[in-house]
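The structure appears below as structure tokens.
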């Protein structure tokens, strides 16, 4: 399949500045991050560093919210959780759990202060509470009829990179997966393929306005015969425009990784393909009466100048989107 030749380099640069490379670990900007266990075999003491997972969490009213602190530093480490800056009595474990979340907890900031003899570190997570359960679309089978191809961002125009999308019956996280095989000419070249899940179609006019959206997927750079970067981003399509959330790009490694990206409101998305948004108009629009929305993926490959022509195979599995309503 020959993609339409459109300029994509500035789009890649824009999102490339907000990603982290993944070398055997799922390290996602905006996901809350995490730190591996480290054996300290050097002189100290070393002040703590900490992250909170998840960085943004949405639960249904009356549900349970749990935040976990991932910290490292010279032990012993002391923990104190806070809500909106005020200490929570007795909350001194590495995990904080709120049972029976209510509308009054919506927007609360839960932070943890970690202290040792060398210093203090703080990290936080945001809680959102929806009055309704999430509308969930999950795909681990990847029937080709369930997915539609959108615009293809490619450079150079000639000879243009190409791609083929297939459903592989085995080899994924748990069997079938979706594979995108990209063929790139020599030199500096790149391609990004936008795809939407047809079963994920959500109609705010019928189903209600959207509060936030969560994404999850597994991703693998399966094979390559040339050097370069591979990436995947969650996207949504509305009215012929395609949007991706800022700070939500994953670079792949040659093994299956799981990415969980959550808590995206409408103003955290920006246009990546399609006509420009009119000034002063919600774009995308998550409000009541808005046009239907389909969710999906952007998968891409970029090779630097001087690279030989070659191919790169990308796999996606366990794709999921959770739509939380107001």
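How do the strands (runs of 3 or more DSSP E) wholly within region 92-148 filter down when requiring 1 or more residues that are more than 30 Å from residue 295 (Cα to Cα): which remain?
Hits in region 92-148: 95-99, 109-116, 119-130.
Check off (1) assigned to a loop (DSSP other than H, G, I, E, B); (2) in contact with a strand residue (DSSP E or B) (Cβ under 6 Å, 6 or more places away or on another chain); (3) surrounded by fewer than 21 Cβ atoms within 10 Å (Cβ to Cβ); (4) modelled with pLDDT of 95 or more for residue 199 and give me the number that stays unchecked.
Answer for residue 199: the failing condition is (1).
Any idea which of 289, 280, 306 is at positive phi, without any contact (Cβ under 8 Å) to a residue 12 or more places away in the chain and in the same structural domain as residue 203 (by TED's automatic domain parsing)?
The conditions single out 280.
With the requirement that a residue be under 28 Å from residue 67 (Cβ atoms) and free of Cβ contacts under 8 Å to residues at least 40 places away in the same chain, what does region 246-269 give you?
Of everything in region 246-269, those that are under 28 Å from residue 67 (Cβ atoms) and free of Cβ contacts under 8 Å to residues at least 40 places away in the same chain turn out to be 267, 268, 269.
Within region 45-67, count every residue that is part of a strand (DSSP E or B) and surrounded by fewer than 18 Cβ atoms within 10 Å (Cβ to Cβ).
4
Give the residues of region 113-149 that are farther than 22 Å from residue 214 by Cβ and not assigned by TED's automatic domain parsing to the domain that holds residue 295, sorted by residue number.
Hits for region 113-149 are 113, 114, 115, 116, 117, 118, 119, 120, 121, 122.
Given (1) in contact (Cβ under 8 Å) with a residue 12 or more places away in the chain; (2) more than 14 Å from residue 65 (Cα to Cα), where does residue 90 come up short, assuming only one miss?
(1)
Looking at 78, 148, 154 in this structure, which one is over 16 Å from residue 58 (Cα atoms) and in contact with a helix residue (DSSP H, G or I) (Cβ under 7 Å, 6 or more places away or on another chain)?
The match here is 148.
The values are calculated or read from the model by the stated rules, or taken from the named source; none is laboratory data. Keep in mind it's a predicted model, so treat the numbers as computed, not measured. No Cβ is skipped: glycine too gets one built from the backbone with ideal geometry, and neighbour counts run over all protein chains shown.
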